[in-house]
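Presented below is the structure to which this report refers.
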């Protein structure tokens with residue numbers, strides 16, 4: 001379970017970093033790309049979080 005939690009945290013950090021790049025970018029194409037990437041990573045993190053909550057309890 002600890003490994004999944006670490007992976008979840010890594011996804012969240014990546015999403016935040018992509019959002020930061022999006023916000024700092026002056027190039028429209030890059031902004032759009034990093035906005036989509038941040039959204040996708042946020043969704044993946046949410047999916048992993050729900051899987052952890054609903055999944056079987058395994059000892060690490």
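Taken together, the values in this text are just the output of simple stated rules run on the coordinates, not laboratory data. Since the structure is predicted, the reported quantities are computational estimates derived from the model, not experimental observations. Glycine also receives a Cβ, built like all others from the backbone with ideal geometry; neighbour counts cover every protein chain displayed.
In degrees, nearest 10, range 0 to 90: what is the angle between the Cα axis of helix 28-54 and the longest Cα principal axis of the chain? Roughly 10 degrees, rounded to the nearest 10. Geometric descriptor of segment 2-54, per residue, is 46 Å³ (volume of the convex hull of the Cα atoms). Label-to-label distance, residue 17 versus residue 5, with points set 7 angstrom from Cα along the beta-carbon direction: 2.2 nm.
Short-range pairs are left out: with C-alpha atoms under 8 Å and at least six residues apart, the relative contact order of segment 1-40 is 39 percent.
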